[in-house]
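Before any comments, here is the structure.
The values are calculated or read from the model by the stated rules, or taken from the named source; none is laboratory data. What you see is a predicted model, and the numbers here were worked out from it, not measured in a lab. Quick reminder, even Gly has a Cβ in these numbers, built from the backbone with ideal geometry, and neighbours come from all protein chains shown. Surface areas here come from the heavy atoms of the whole protein model, side chains and all, with no ligands, DNA or RNA. Shrake-Rupley method; radii C 1.70, N 1.55, O 1.52, S 1.80 Å.
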Amino acid sequence: MNPFTFTQPKDVDGVLAALASGARPVAGGTNLLDLMKEGTMQPASLVDINAIATQGLDVVEEHEGGLRLGALARNADTAYHALVRERYPLLRSAILAGASPQLRNMATNGGNLLQRTRCVYFYDVGTPCNKREPGTGCPAKAGINRQLGILGTSEQCIATHPSDMCVALRALDATVHVRSAGGGARAIPFADFHRLPGDRPDIDSNLQPGELITHITLPDAARFVDHSAYIKVRDRLSYAFALVSAAAALDLDGDTIRDVRIALGGVAHKPWRVEDAERELVGKTASETAFAAAADRILQGARGYGQNDFKLVLAKNAIVQALTVAKRGTDKAQGVQQ
Ligand SMILES: Cc1cc2nc3c(=O)[nH]c(=O)nc-3n(C[C@H](O)[C@H](O)[C@H](O)COP(=O)(O)OP(=O)(O)OC[C@H]3O[C@@H](n4cnc5c(N)ncnc54)[C@H](O)[C@@H]3O)c2cc1C
């Protein structure tokens with residue numbers, strides 16, 4: 001047991017002051033508390049941010065023609081919200097593909113973004129891991145890597161970001177809004193929120209110490225409502241992290257692609273999106289041939305590490321399948337049973 005201090009401020013300024021003094025926020029606790037129990041993370045100070053939820057941080061509401069998701073809105077409340085169900089079915093499907101109903105009731109939107117990798121070496125404090133302890137090595141490259149990355153990996157780390165929700169947020173061009181003590185506030189495009197591992201795999205995101213995620217915004221996505229799909233391939237049908245997932249959204253004029261979004265999960269340290277591949281699809285007929293060419297473009301430079309070599313084929317198939325299902329039409333009931 002590692003001792004830590006615990007505070008529960010009643011207002012945002014109190015939370016920001018605690019963060020400025022080095023405390024780590026706990027929201028739903030579904031990831032952080034597991035990591036603390038395993039000894040993977042040992043914060044000296046925790047600040048419970050749940051008491052500020054009702055100060056505008058738990059809302060899901062319309063925002064400038066798009067959507068605003070409070071950082072402390074629960075994943076379940078977000079997925080089942082009428083605005084999300086009707087206008088952002090891709091986001092809904094991705095959230096409902098994750099975890100379990102009990103976890104989604106507890107997990108928050110902010111916490112989902114900052115959940116940590118599921119690499120077994122990161123969790124196992126008895127093994128080296130550059131992400132947990134920089135400079136110790138990465139046994140995953142030649143070890144248990146079935147779940148791990150094929151794109152954007154580095155010598156130091158091949159971990160993947162495990163979130164489903166983030167894959168849809170990347171596809172839909174979300175923005176993450178943060179605040180810090182002293183009135184600081186900034187908006188981070190989702191593309192820049194998570195990092196590739198490089199030589200600092202211990203740093204998952206570009207959030208700075210002391211910053212609190214307050215909300216996430218999404219632009220209008222009406223043109224994608226009728227043609228979107230989230231495909232998640234995993235070892236079990238529910239309660240399992242993605243081996244590979246693909247979020248696809250099409251804006252079609254007949255069979256011609258007017259606009260398209262494709263993002264992948266389970267393949268990299270951050271949700272993976274190649275916007276050039278999307279641009280190359282615009283104006284083309286939505287066909288399996290065009291989808292396969294886009295998949296090849298998206299997966300350029302991908303490499304396996306042994307156990308995860310199968311992901312090279314799986315990722316291509318997932319992209320083609322997600323686009324094919326999206327073309328057929330959004331399944332508005334998707335994910336409801338999970
Ligand atoms: C058994 C199991 C299965 C799961 N399966 C899936 C799955 O299939 N797909 C999937 O996507 N996820 C899955 N998850 C992960 C789950 O979605 C995350 O644990 C959850 O989203 C984290 O949210 P939280 O509010 O509980 O975060 P916490 O555990 O409270 O926090 C996580 C991190 O975020 C930080 N943080 C939280 N809120 C803020 C904020 N507002 N500002 C700044 N920092 C913040 C915390 O300091 C911490 O570092 C699974 C989890 C478990 C336990």
* How high is the relative contact order of the chain, in percent, with contacts defined as C-alpha pairs under 8 Å that are six or more residues apart? -> 18 percent
* Hey, can you rank 94-103, 154-163, 128-137 by average C-beta count inside 10 Å, highest first? -> 154-163, 94-103, 128-137
* To do: Provide the net charge surrounding Arg261, with neighbours chosen by a C-beta distance below 11 Å and charges set as Lys +1, Arg +1, Asp -1, Glu -1.
  => -2
* To do: At a temperature of 37 °C and a viscosity of 0.692 mPa s, determine how fast the chain diffuses translationally according to Stokes-Einstein, using the Kirkwood radius over alpha-carbon pairs as Rh; express D in µm²/s, rounded to the nearest whole number.
  => 162 µm²/s
* Under 20 Å from a point 7 Å along the Cα-to-Cβ line of Ala191: which residues of the stretch 254-278 have their amide N that close? -> 258-278
* Output the Cα-based Rg and Dmax of the stretch 224-328 in Å, rounding Rg to one decimal and Dmax to a whole number. => 13.3, 42
* Structure fact -> In a Gaussian network model of the chain with springs linking alpha carbons closer than 10 Å, the residue among Lys37, Lys327, Lys232 that fluctuates most is Lys37
* To do: For the stretch 22-93, restrict the atom set to alpha-carbon positions and state the Rg and Dmax in Å.
  => 15.0, 44
* To do: About the Cα centre of the chain, how large is the charge dipole given +1 on each Lys and Arg Cβ and -1 on each Asp and Glu Cβ? Please answer in debye to the nearest 20.
  => 640 debye
* To do: Could you please state how large a percent of the accessible area of the stretch 1-126 is carbon and sulfur, counting protein chains only and using a 1.4 Å probe?
  => 52 percent
* Surface per residue (accessible, 1.4 Å probe) for the chain, Å² -> 42 Å²
* Roughly how many Å is it from the Cα centre of the stretch 235-282 to that of the stretch 43-97, as a whole number? -> 22 Å
* To do: Set the Förster radius R0 to 22 Å, insert the Cβ-Cβ distance between Met1 and Ala240 as r into 1/(1 + (r/R0)^6), and round the FRET efficiency to 0.05.
  => 0.15
* Full extension from Arg223 to Thr285: what is 0.36 nm times the residue separation minus their Cα-Cα distance, to one decimal in nm? -> 20.6 nm
* Asked: Using a 1.4 Å probe on the protein chains only, how many percent of the accessible area of the stretch 185-338 belongs to carbon and sulfur?
  -> 49 percent
* Could you pull out the longest piece of the chain with no exposed loop chymotrypsin sites (Phe, Trp or Tyr not before Pro) in it, calling a site exposed if DSSP puts it outside H, G, I, E, B and it has at most 14 other Cβ atoms within 10 Å? => 5-238
* To do: Please compute P(r) over all alpha-carbon pairs of the stretch 180-266, binned at 5 Å starting from zero, and give each bin as a whole-number percent.
  => 3, 10, 14, 15, 17, 18, 13, 8, 3, 1, 0
* Dipole magnitude of the stretch 224-328 about its Cα centre, charges +1 at Lys/Arg Cβ and -1 at Asp/Glu Cβ only, in debye to the nearest 20? -> 420 debye
